[in-house]
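So the structure is just underneath, and the comments pick up after that.
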Amino acid sequence: MNNKIKLAVAGAVLSAASIANAGIIIPAGEWTLDVNGNVNAFANWHSNDKNDTVTGGLGFDDDALGEDNSQEINTGLLPAWLGFTGTTRQNDVDVSFTISFQPNVSDNGGAFHGDAATPLNRQAFLTFGDKSWGTVKLGKDLGVFGGQAILNDMTLLGVGGPNGGKSGTATTLGGIGTGYIYPAWKGQIAYTTPNMNGFEATIAITNPNQFPATGSDDAATTNTVYQDRFGYEGQVSYSWTGDVAGKVWSSFASYDVQHNVSGKSHTGNVYDIGASVSAGNLGVVGYYYNGEGVGTTVMGNLAYDYSADKERDSDGGYIQATYVIPTGTKLGFSYGVSNLDEASGETGGALVDSNERWTVGAYHPLTKHLNLVAEVNEMRSEAHNNNKLESTSVSLGAILFF
């Protein structure tokens, strides 16, 4: 897979203030409009190998009829995408806007003749800045913490972990929850420094979101956890070019949250470190995160034992290697794991201890913009009481960028 395709992936997921990852360029007076995106679809086959109860487990479990096999046609980790980015320069300031829409390629709403799934709306932001002093972003976009983890995940072109093995889901999990915490799409105000010989830094405040208090030991699974303040997120990175090119980065996030029934509150803090290096046809990625009170899979999930008023620690990471063979096909292997510790005093419950995944994939560029994809994914979830959830998935499909 060539560098243009790699740039198209990053551009589809995280639009930049410039049009370096250009799609269809339309001059419009003082503006330049970039229309970009992707369409992808995959046939997926899932086999459930072990089906114990694991709270927070990610392996495919039995369907509604108790069957341990399922099939589906869905998008992969990336939803189908249509994005619009407009750029201009006025009064010595670079100005841009980005708005995107993410429709689904399939759903299981038979009663609605295939119109049941709700499209996503992941981006609506503006930027202004200059290469001499940096860029300010305001609006909804991919979170800063964990963003590089998902952008470097090879399953961004494919499926990775299934999303419960159910048809009609908007996207799959890729490596989310098996190596990194989902960065999510957040309202934010962020400042990024200019590129200083490869070094860049970003600092942001993010919208104080709400989410269900899942996994609470007070059984209040439908209650809500509120953020008490803006979230704080930031990142530093260094990139270099040459025969051996790459990027190293580290990011963090911090949130104060309060449970609406018990009134108990805690602070969730997490940091990560990662590196992506390429030499010729070989690419290697390594990533690690460590957090207190942030949970697993998505920020805040199973992060706290509310009955004991104690945080749960978590960590994880993934390693990945890819190699482009003479046909142009990129072959890849990835292994990731996310661990969640019990709070002090918790013992032997069905709370997930680890979610792990390995993926073997082949990504063939049939044309400059069209990739054929084949993946095999093995998922394993284990609880602290040794309950297990295991599944195997095979995916075949294609992804087209424009």
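Computed from the coordinates by the stated procedures, all read-outs in this text should not be read as laboratory data. Nothing here was measured: the structure is a model prediction, and the numbers come from that model. Backbone-built Cβ (ideal geometry, glycine too); neighbour counts: all protein chains shown.
What pairs in 330/368; 186/310; 247/368; 186/264 have C-alpha atoms more than 18 Å from each other? With Cα atoms farther than 18 Å apart: 186/310; 247/368; 186/264.
Our estimate of slack between residue 49 and residue 25, defined as 0.36 nm per intervening residue step minus the Cα-Cα distance, is 3.8 nm.
Placing a label point 7 Å from the Cα of residue 325 along the Cα-to-Cβ direction, the residues of the range 351-374 with a backbone N closer than 12 Å are 361-364. Each other residue within a Cβ distance under 12 Å of residue 42 adds +1 if Lys or Arg and -1 if Asp or Glu, for a net charge of -2. Near the amide H of residue 316, within less than 5 Å, lie the amide hydrogens of 289, 339, all on another chain or at least 5 residues away, with H placed in the peptide plane. Going from the residue with the fewest nearby Cβ atoms within 10 Å to the one with the most, 141, 34 rank 34, 141.
Net charge near residue 359: determine it from the other residues with C-beta under 12 Å of the C-beta of residue 359, scoring Lys and Arg +1 and Asp and Glu -1.
Cβ neighbours under 12 Å give a net charge of -3.
Charge tally for residue 202 (other residues, Cβ to Cβ under 15 Å; Lys, Arg +1; Asp, Glu -1): -1.
Computed about the Cα centre, the dipole magnitude for the range 343-402 is approximately 320 debye when only Lys and Arg (+1) and Asp and Glu (-1) carry charge, each at its Cβ. With a simple spin-label model that places each label point 7 Å from the Cα along the Cα-to-Cβ direction, the separation between residue 128 and residue 309 comes to 4.7 nm.
Cβ-to-Cβ counts within 10 Å put 99, 176, 319 in ascending order as 319, 99, 176, the fewest first.
Each of 89, 357 was scored by other Cβ atoms within 10 Å of its Cβ. Arranged with the fewest first, they read 89, 357.
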